[in-house]
Structure formats: structure tokens, C-alpha cells
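For reference, the structure is listed below as C-alpha cells.
The values are calculated or read from the model by the stated rules, or taken from the named source; none is laboratory data. The shown structure was predicted, so the numbers you read here are calculated from the model rather than taken from an experiment. As a convention, Cβ positions derive from the backbone with ideal geometry for all residues, glycine included, and neighbour counts pool all protein chains shown.
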Amino acid sequence: MMNALFFVIVTVSLIIFQTVIFPSFFWFAQCFDLMIMNIIFLSLVYSHYAVILTIILIGGIMDSLSGVAFSHHIFSYLWIYLIVQLVKQFVFKRSYLFILIVSLVSVLIQQGLILFSVLIEQGREGIGQMEILLMVKQLVWGGVLIPPGVWLIHGFRQYWMYFLKILKKQFAHRYRG
């Protein structure tokens, strides 16, 4: 229950940063999807079916807040989850190189889905009008910020677990009788 509360807090915080705070800064106005950090962390830590439902819920929220085609985030988050689940069985999942590669692949998945949707809707002319430099910037920002972001979420979770442990001891000591 407390892990779920932690992830609700992290998810809401990332949504607020992405939709309210970052767009007001010049450097982060067209930043990659911050929720990728949360999805990667969930994929690294959990393998339950409930995580898939959580990812679908997070994707639905992001789809309703963004201007992209509906189910874009759901589909990309599920692909990120599946790729991490498949690859983490063969690779040491705490490795910086692994997190970096997964981060870059995650941003590429989202960019590829955007390219595909533009190709379907507008044809080759639409792809010619797309801003490729923006996609490269998002890929670079993803490679730079996602690995530390995943470790930051991990650190916050460790602190959260420590805080809950101390809180439980205090309640047990106070109400012992």
C-alpha cells in the first residue's frame, strides 16, 4: 500500500513538472517525456501484472493531457515495459550502460510512434515538415537526464522505505500498551 502511495506521489510530481513547470523554461520547453523515468523504474523493480495495469492508467492520463494521438503513451509505455522486462533477464539491471541504452531506446520508441502517426496521417510530406533537430535534442536530453532520474527515484524510494520503517517503530513504541 505504501509503495503504491510512493508511486502515486512520484507520478503526480512528474506530471506536474512536465505539464506545468518545465514548459516555462526555455531549455526544457520541448523536453522528452519525463514519465519514461517512472516507467523504467517500475519495469526494473516490479514484474507483476498489476504494473501493466498501472502503466496503462499512467499512459491514459498522459494521453488525455497531451496533444498526441490517443493511446500513444499507453502503447509506448507498454513497449518500454516489455523491452525492459525482456532485457533485464540477461543484463545486470543496475548497470549505468543498461539504464542509458534503455533510456535512449525509450525515447526512440516514442519518437518512432510520432513519426509513424505523422506518416499515416499526412504521408511523406508530413515527415518532411517535422523538426528532426527537436527529436535529436529530446534523445540527447533523455540520455542525459533519464539515468540520473531513475537513480533519483530509487534513492527517494529507499528514503521512503526508511521513513516508513522509522514511523512504524515509533507507532509500535508509542501504542505498545
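What to note about this one:
- Residue count for the range 74-93 satisfying the condition of being in contact (Cβ under 8 Å) with a residue 12 or more places away in the chain and either surrounded by fewer than 15 Cβ atoms within 10 Å (Cβ to Cβ) or part of a helix (DSSP H, G or I) (or both): 12.
- Cβ-Cβ contacts under 7 Å between residues 6 or more apart (or on different chains), taken from a first residue in the range 161-177 that is assigned to a helix (DSSP H, G or I) to a second residue that is not aromatic (Phe, Trp, Tyr), are listed as Leu164/Met2.
- Considering residues of the range 27-41 that are at pLDDT below 90 and within 15 Å of the chain's Cα centre (by Cα) only, the residue nearest to Ser95 (Cα to Cα): Leu34
- Pair list, Cβ < 8 Å and 6+ apart or interchain, from the range 2-26 residues that are farther than 28 Å from Phe163 by Cα to residues that are surrounded by fewer than 11 Cβ atoms within 10 Å (Cβ to Cβ): Phe22/Ala29; Pro23/Ala29
- Residue within the range 95-115 that is surrounded by 14 or more Cβ atoms within 10 Å (Cβ to Cβ), part of a loop (DSSP other than H, G, I, E, B) and within 17 Å of the chain's Cα centre (by Cα) present: no
- Residue match in the range 2-20 (condition: touching a helix residue (DSSP H, G or I) at 6+ places or on another chain (Cβ under 7 Å), at pLDDT below 85 and buried (at least 16 other Cβ atoms within 10 Å of the Cβ)): no
- Screening Glu131 against (1) exposed (fewer than 12 other Cβ atoms within 10 Å of the Cβ); (2) under 14 Å from the mean Cα position of the chain (by Cα) leaves a single unmet condition, (2).
- Boolean, Trp141 is assigned to a helix (DSSP H, G or I) and either more than 25 Å from Ala4 (Cβ to Cβ) or charged (D, E, K, R) (or both): yes
- Here Leu53 clears all of (1) over 18 Å from Asn38 (Cβ atoms); (2) among the hydrophobic types (A, V, I, L, M, F, W, C); (3) surrounded by fewer than 15 Cβ atoms within 10 Å (Cβ to Cβ) except the condition numbered (1).
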